[in-house]
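Each remark here refers to the structure printed beneath this line.
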Amino acid sequence: MKEKTWVSGSLSPYQLHDITHRPDWENLIVWDAYLNNMTSGFMVITGLAWMAGPGYFTALLPWAITVALAIVVVDLILLIFDLGDPFRFTNAMRVMRFTSPLSVGVWGLASYATCVGFAVGLYWLSYISAHTTDFLNPYIDILDMLTRMFVILAFLGALVVICYKGVAFSCTSQPGVKNARWLTSFMVADAMLMGLGVYSIMAAILQAPEAIAYLMLPTLILIIARCIAFYLLSLDLNPRAKLTNSKMENFWVKFSVYILGGVIAFGCCFIGPFGVTVAGVIALVVGLIERYWIISTTKKI
């Protein structure tokens, strides 16, 4: 008679500890997730402002897509190293498999990066041609049309990236995070808020206060949405966070989200364009703190 390895109804040896191996991420996965959410949220905000906002957002579009491209390039570099074996990234591009989180994540992010890259290249090509040479002048309208097309495609790609849990966090198979039901909802709200933060900072640098003022109401709404989403996410993560972090660490992250990123940032928005920009800076700082806390829950106990 074959001997049973464990008693029916009792926990197996594999269920008594975390069986998922935690990779040697350190800070890499935090910055990968942070920049991924930042660039996708920023591109979504850029697309919405350009398509549905006043005309002055059109003047900011070239700078916005250029910033989005710069961020996603850095994120792609981090993602390749985050996979542990850079060749896995190339291999994942060979076949599109909708059942594979790695495949969907790599294809989604790469497609978004490609489209925004084409949009940036075509715009600046037409801009330089219009100001330096007559060689491409007959084709300026075609270049402008292609630029708009790729901006729309990049916007759609950013929607996929921002909503797909596996793209933004490659740690979702890890203990404490894999069962976080509100992770995607939190990432969408937080990424959009960080996108607004980047946009308001860019508009401040380009001296476009009217654009910043227009972002006040969306910023207020997303601050509330982010706080609610983080609260729901923390209900899933708190049991694990109590084991992996100290009480002070858990206290400070919640202070950062609810007081600094919530009450203080909310109040700053009523000061005017400068206050909205300050709220954007706070959103970016708090976003990094949040991701350090979330990744910390995957540590071995």
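Okay, here's what the table says:
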quantity: Options Leu215, Val188, Leu156, ranked by Cα towards positive dipole end of segment 144-301, top entry (Cβ charges); calculated: Val188
quantity: Surrounding net charge for Met38, when Lys and Arg each add one and Asp and Glu each subtract one, Cβ distance under 14 Å; calculated: -2
quantity: Ordering of 54-67, 237-250 by burial proxy (mean other Cβ atoms within 10 Å per residue, highest first); calculated: 54-67, 237-250
quantity: Extension gain from Met51 to Asp144, taking 0.36 nm per residue of separation minus the Cα-Cα distance; calculated: 32.0 nm
quantity: Accessible surface, per residue, of segment 145-301 when the full set of protein chains is kept, probe 1.4 Å, Å²; calculated: 43
quantity: Size of electric dipole in segment 156-301: Cβ of Lys, Arg +1 and of Asp, Glu -1, about Cα centre, debye, nearest 20; calculated: 680
quantity: FRET efficiency, Asn179 to Leu260 (Cβ-Cβ, R0 25 Å, nearest 0.05); calculated: 0.35
quantity: Local electrostatic count, Ala279, Cβ distance below 15 Å [Lys/Arg +1, Asp/Glu -1]; calculated: 0
quantity: Using distinct alpha-carbon pairs, which all enter the 1/r mean, Kirkwood radius of segment 169-301 in Å; calculated: 15.1
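The values are calculated or read from the model by the stated rules, or taken from the named source; none is laboratory data. Note that the structure is a prediction, hence the values are computed from the model and not measured. Don't worry about glycine lacking a Cβ; one is built from the backbone with ideal geometry, like all the others, and counts go over all protein chains shown. With ligands, DNA and RNA removed, areas are computed over all heavy atoms of the protein, side chains included. Shrake-Rupley method; radii C 1.70, N 1.55, O 1.52, S 1.80 Å.
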